[in-house]
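Here's a structure for you.
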Amino acid sequence: MIEKTLVILKPDAMQQNLAGTIIERFTKAGLRLVACKMMRLNESILREHYDFLADKSFFPNILAYMQECPVLVMVLKGENAISGVRSLLGPTDSSIAPKGTIRGDFGKDKSRNVVHASDSEVSAQKEIARFFKASEIFE
Ligand code: ADP
């Protein structure tokens, strides 16, 4: 199935100057970039985006981490894009992510894991609408 998914290159990706390297992993896997912008995420959009984690002890850390510097937000499109991007990333905890996955190669731990990607069709639709107007998506 052709799907679209929302991807964020998080502050640790940007600080390590990895935007090109990470985008190449996605495009080499056959995904197409159909929307992209650099954004400074504020607390309000982060509270919405990570709403399901609001009661966790590490929530303040996520808010601080995601505001360390501007991030790159994008929409990728392709065959099984949602699960495909998640498998290129590897598991949430970078310290156990296999080498060859994006988090295994460039992430640090459970928190600093380089990239966000939607985890289901429902969240992909919500997240794409959170960051992009329809007119900003080029497919
Ligand atoms: P994923 O990003 O793999 O979908 P989650 O949705 O569970 O993972 O968590 C969202 C983000 O919150 C993670 O990517 C990570 O940055 C942070 N996070 C998750 N679990 C922890 C944790 N135990 N400690 C610190 N940060 C965490």
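Normalised by the empirical 2.2 N^0.38 Å for globular proteins, what value does the Cα Rg of the chain take?
Details: Rg = 14.0 Å, N = 139, 2.2 N^0.38 = 14.3 Å.
Rounded to two decimals, the normalised Rg is 0.97.
Now a separate question. Note the full-extension length gain between residue 65 and residue 95 as 0.36 nm times their separation in residues minus their Cα-Cα distance, in nm to one decimal.
Computed gain between residue 65 and residue 95 is 9.1 nm.
Can you tell me how much longer the chain between residue 1 and residue 54 gets when fully stretched, taken as 0.36 nm per residue apart minus their C-alpha distance, in nm with one decimal? Walk me through the intermediate numbers first.
Working: separation 53, 0.36 × 53 = 19.08 nm, distance 3.25 nm.
Result for the pair: 15.8 nm of gain on full extension.
What full-extension length gain, to one decimal in nm, is calculated for residue 40 and residue 21 as 0.36 nm per residue of separation minus the Cα-Cα distance?
Extra length from residue 40 to residue 21 when fully extended: 4.7 nm.
With +1 on each Lys and Arg Cβ and -1 on each Asp and Glu Cβ, and nothing else charged, work out how big the dipole of the range 36-110 is about its Cα centre, in Debye to the nearest 20.
Dipole size: approximately 200 debye.
Can you tell me the relative contact order of the range 1-81? Whole percent, Cα pairs under 8 Å, sequence separation 6 or more.
This gives 61 percent for the range 1-81.
Roughly how many Å² is the accessible area per residue of the chain, as a whole number, for a 1.4 Å probe?
53
Might you report the magnitude of the Cβ-based charge dipole of the chain about its Cα centre, with Lys and Arg at +1 and Asp and Glu at -1, to the nearest 20 debye?
Rounded to the nearest 20 debye, it is 240 debye.
Along the charge dipole of the chain, which of 117, 107, 49 sits closest to the positive end, that is, farthest toward it, with unit charges on the beta carbon of Lys, Arg, Asp and Glu (+1, +1, -1, -1)?
Of the listed residues, the answer is 107.
Okay, next question. Taking all protein chains as present, what is the carbon and sulfur share of the accessible area of the range 15-132, in % to the nearest whole number, probe 1.4 Å?
51
The values are calculated or read from the model by the stated rules, or taken from the named source; none is laboratory data. Predicted model, so just to flag it, every value in this text is computed and none were measured. FYI the Cβ positions are ideal-geometry reconstructions off the backbone, even for glycines, and counts take in every protein chain you see. All accessible areas refer to the heavy atoms of the entire protein, side chains included, with ligands and DNA or RNA removed. Shrake-Rupley method; radii C 1.70, N 1.55, O 1.52, S 1.80 Å.
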